[in-house]
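Remarks on the structure that follows.
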Amino acid sequence: MLVEESWEGIQWLAKRVGVRFRLPFERQAYEVEPRTDDPSKKRWRCWGGLYINTMGGGKGLVEDELKACKTAGVDIHWKTKAEELWLDKTAKEVKGLIVTTAGGQRQKIVARGGVVLACGGYESSKELRGQLMGPEWASAYVRGTPHNDGTALRLGAQVTALRKGQFGDGACHSTCWDAHAPRDRGDVSMTNQFTKSGYPLGIFVDSSGRRFVDEGEDLRNYTYAKMGQAILKRPDRLAVQIWDARTSGMLRDEEYADEFCQHKVRGETLEELAEKLAKVEIGDSRRALRDPQALIDEVRSYNRAIYAARAGQKDVAQGFEPSIKDGLIAPAPPLAVPKSNWALPIDKGPYLAVVVSTGVTFTFGGLHIDAQSGQVQRRREGQEGGTDATEGIVGLYAAGEAAGGLFWGNYPGGSGLTAGLVWGRRAGRAAAEAGENANSATT
């Protein structure tokens, strides 16, 4: 359903809503080969199955949607908090919302067709992360809004809504996040610039100086959402991304340019880089690197494995192609952890390093919805058991991260926004049809 309705949804966004799209040159493409019409310039190659991006990224998407809402006469109540669902006399059907306005007034909003919960998951609640995912997740950074605090789960509990999907350790999209970023929220102006997803071009080490993950397991948008969990399990809950002169110039400007990444560590030699990293402390006495010599030894072992694997090859970088899985491997053994693609030696100064931690984007567990309509489900009265014993809650729908059951353990890039689009449209249509079919209008 997600795949089948994705293209229709994108067309609807472009034609009906007016969302502007473009090719993702900065985010999902590399300049890889000379152009036939002008050999002095290179051709862009998109990778990872993502070929379009919204103009202006997330900020541009919101601007276009707000403009469409204004044109359509949609009222938006800013700084208005949903306190509880407004129910009918049986306390089983949802008739609207009770909110607190920006002025502190308690107000009732009637929803003739129903309430659609599109208020995200619970990632910005330190308490809920610790309770539903495990104590260590309370220490993670929050990538985005501070307002995704579990409102959908709280409102759903009011009408005994079922939960669905992954809860527990790692039940979220979590990526590499600048360790110097704000801890409990993203930055409205910086937005995605704190993300640091250039690890396939280099290596990861933890604060003990050891590699701990296969940086080249797959293309970045199939691995980046689980890298945060791997970092959270390491000493100091930190990792260091390292590149040499071969690939540092290929890092995305929107993530690694000096204006967005102000805490780079540089060294003309590996020894100089290690010494500087050992002096980096993050806020609460966490150290980026506790054993400089261990890092030096680790990189040299990594390099030897590559040299041995390509013995007799004139150029160790021959065949390197960042837009496909090129098969250039750093094997295990002799390494404890392989690098399955894009493995080049880290031996050509100057060297560059960035310290990252775990940034939670959104959580996977949410409310149980009917896939066709987005209607929130509860246990059918008088029955126990699995999903067959459920019934829809009249007047309540959920979409996006408020709904659970789509992702588990990992996440392919771009599918979250697409899921919000597909089930947001389904929930919106169902609520609109319910409103049209109402016997009489409520004021």
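Here, each number is a calculation from the coordinates, and none is a lab measurement. These numbers come from a predicted model, not from an experiment. Don't worry about glycine lacking a Cβ; one is built from the backbone with ideal geometry, like all the others, and counts go over all protein chains shown.
A few notes on this one:
- For the chain, built as a Gaussian network whose Cα springs stay under 10 Å, the top-fluctuating residue of 210, 16, 163: 16
- Report note on the peptides 344-356, 171-183, 424-436: ranked by the mean count of other C-beta atoms within 10 Å, highest first, their order is 171-183, 344-356, 424-436.
- Over the chain, relative contact order from alpha-carbon pairs under 8 Å, at least 6 apart, %: 21
- Helices in the chain that qualify as membrane-span-like (whole DSSP H runs, Cα extent of at least 24 Å along the helix axis, mean Kyte-Doolittle hydropathy of -1.0 or higher) are 292-309, 415-436.
- Dimensions in Å of the stretch 1-102 - Rg and Dmax from alpha carbons: 21.4, 74
- Pairs exceeding 32 Å between alpha-carbon atoms, taken from 59/81; 59/279; 264/339; 67/92; 226/264; 59/126: 59/279; 67/92.
- Extent along principal axes [Cα atoms of the chain; Å; largest to smallest]: 80, 54, 45
- Under-5 Å amide H pairs with residue 280, H placed in peptide plane, nonlocal only: 288, 289
- Residues with amide H under 5 Å from that of residue 396, placed H, sequence gap 5 or more: 94, 115, 376
- Table column - 3J(HN,Hα) (Hz), the stretch 181-196, Karplus curve with 6.51, -1.76, 1.60, x for Gly and Pro: 6, x, 7, 9, 6, x, 10, 4, 7, 7, 6, 7, 5, 6, 5, 9
- A simple rule links phi to the HN-Hα coupling: the Karplus curve 6.51 cos²θ - 1.76 cosθ + 1.60 with θ = phi - 60°, which for the stretch 362-373 gives 7, 9, 8, x, x, 7, 7, 10, 6, 5, 6, 10 Hz, with x for Gly and Pro.
- Taking every Cα-Cα distance in the stretch 182-358 and sorting them into 5 Å bins starting at zero, the pair-distance distribution P(r) comes out as 1, 8, 17, 22, 23, 16, 8, 3, 1, 0, 0 percent.
- Using the average count of surrounding beta-carbon atoms within 10 Å as a protection proxy, the listed peptides 293-303, 252-262, 117-127 rank, highest first, as 117-127, 293-303, 252-262.
- Neighbour net charge for residue 214 - beta-carbon separation under 13 angstrom, K R +1, D E -1: +2
- Eigenvalues of the alpha-carbon gyration tensor of the stretch 53-181, scaled by 5 and square-rooted, set the equivalent ellipsoid semi-axes at 28, 23, 14 angstrom, largest first.
- Taking a sphere under 12 Å around the Cβ of residue 271 and counting the other residues whose Cβ falls inside, with K and R at +1 and D and E at -1, yields a net charge of -2.
- Helix-only CD estimate at 222 nm, as mean residue ellipticity for the chain, using -39500 (n - 2.57) per DSSP H run (n ≥ 4): -7000 deg cm²/dmol
- Amide H contacts of residue 162 (H built 1.01 Å from N, in plane; Pro and chain starts excluded): 368, 377, 378, 379 sit under 5 Å, all sequence-distant by 5 or more or on other chains.
- For the stretch 222-257 versus the stretch 37-105, the gap between their alpha-carbon centres in whole angstrom: 29
- Candidates 330, 225, 311, ranked by Gaussian network fluctuation over the chain, Cα under 10 Å, top entry: 311
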